[in-house]
1. Which of the following residues is in a loop (DSSP other than H, G, I, E, B), surrounded by 15 or more Cβ atoms within 10 Å (Cβ to Cβ) and of a type in the set (Phe, Trp, Tyr): Tyr61, Tyr43, Tyr47?
2. Could you grab me the full set of residues in the range 115-163 that are in contact with a Lys or Arg (Cβ under 9 Å, 6 or more places away or on another chain), among the aliphatic types (A, V, I, L, M) and in a loop (DSSP other than H, G, I, E, B)?
3. Of the residues that sit in the range 136-149 and are without any contact (Cβ under 8 Å) to a residue 40 or more places away in the chain, on the phi < 0 side of the Ramachandran plot and open to solvent by 30 Å² or more (accessible area, probe 1.4 Å), which one is farthest from the ligand (Cβ to nearest atom)?
4. Could you check, for the range 110-119, whether at least one of its residues is in contact with a Cys (Cβ under 8 Å, 6 or more places away or on another chain), aliphatic (A, V, I, L, M) and touching a residue at least 12 places away in the same chain (Cβ under 8 Å)?
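The values are calculated or read from the model by the stated rules, or taken from the named source; none is laboratory data. As the structure is a computational prediction, the values presented were derived from the model and not from experiment. For neighbour counting, all protein chains shown are included, and Cβ atoms are generated from backbone atoms with ideal geometry for every residue, glycine included. Accessible surface is based on the protein model in full, side chains and every heavy atom, while ligands, DNA and RNA are left aside. Shrake-Rupley method; radii C 1.70, N 1.55, O 1.52, S 1.80 Å.
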Amino acid sequence: MSIFCDWRANRGNPKGQLIMLLFRLAHAARALPSPWWLITAPYLAFYRVSVEWVLGTELRYKTRIGPRLRLFHAHALVVHEGTVIGADCTLRQSTTIGNKSPDGGCPILGDGVDVGANVVILGPVKIGDRAVIGAGSVVVKDVPAGAVVAGNPARIIRDGAEV
Ligand SMILES: CC(C)(COP(=O)(O)OP(=O)(O)OC[C@H]1O[C@@H](n2cnc3c(N)ncnc32)[C@H](O)[C@@H]1OP(=O)(O)O)[C@@H](O)C(=O)NCCC(=O)NCCS
């Protein structure tokens, strides 16, 4: 079950463990049928207030996130709910992942993507498996699998063939 995988992936990082636990419960709760809403609605409200407002991590509970997401220094993190995050990814502080405009598409992160601190990833871009996004990058184009990118706009500093 994802909750236990997340717990292990964030070992030594109680804030990351707590956020992922609350996220997985909220993600499951939102899919329950209407008779459950008397229970789920207060929990989802609690999730928004505690995780998004108090802890400062806007990880919307509808977001599709694969197992073992690591959250390092999880504050000032904003992930649009249309974003898709694969398995074994890492997100760090002060990062925004979302659309370019309110009706635009959102990024799709493959498996094992490592996102540095203070990164912005915008629009319907695809970030390939095991890609590394350098700290402070602004990503507005697809990133190939295994590539290391950095800068604003992000450019490839090492391609997947070298990894
Ligand atoms: C992108 C990253 C993984 C590359 O690490 P690396 O493989 O050791 O790369 P190097 O240090 O050899 O740098 C290679 C080139 O990319 C540049 N570069 C590296 N990271 C960069 C970044 N974040 N932004 C812009 N340029 C960067 C270097 O200046 C160097 O340029 P040069 O060849 O012109 O001299 C790493 O720099 C990074 O940003 N990691 C994120 C870690 C993080 O967010 N930590 C937060 C902890 S709280």
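1. Only one candidate passes the filter, namely Tyr61.
2. Answer for the range 115-163, where residues must be in contact with a Lys or Arg (Cβ under 9 Å, 6 or more places away or on another chain), among the aliphatic types (A, V, I, L, M) and in a loop (DSSP other than H, G, I, E, B): Ala117, Val119, Val125, Ala135, Val140, Ala145, Ala147, Ala154, Val163.
3. Step one: of the range 136-149, the residues without any contact (Cβ under 8 Å) to a residue 40 or more places away in the chain are 136-139, 141-149.
In the following step, the residues that additionally are on the phi < 0 side of the Ramachandran plot were identified as 137-139, 141-145, 147-149.
After this cut, where a residue has to be open to solvent by 30 Å² or more (accessible area, probe 1.4 Å) as well, the list is 138, 141-142, 144-145.
Numbers: Val138: 10, Lys141: 16, Asp142: 17, Pro144: 15, Ala145: 16 Å.
Once the filter is applied, the top-ranked residue is Asp142.
4. yes
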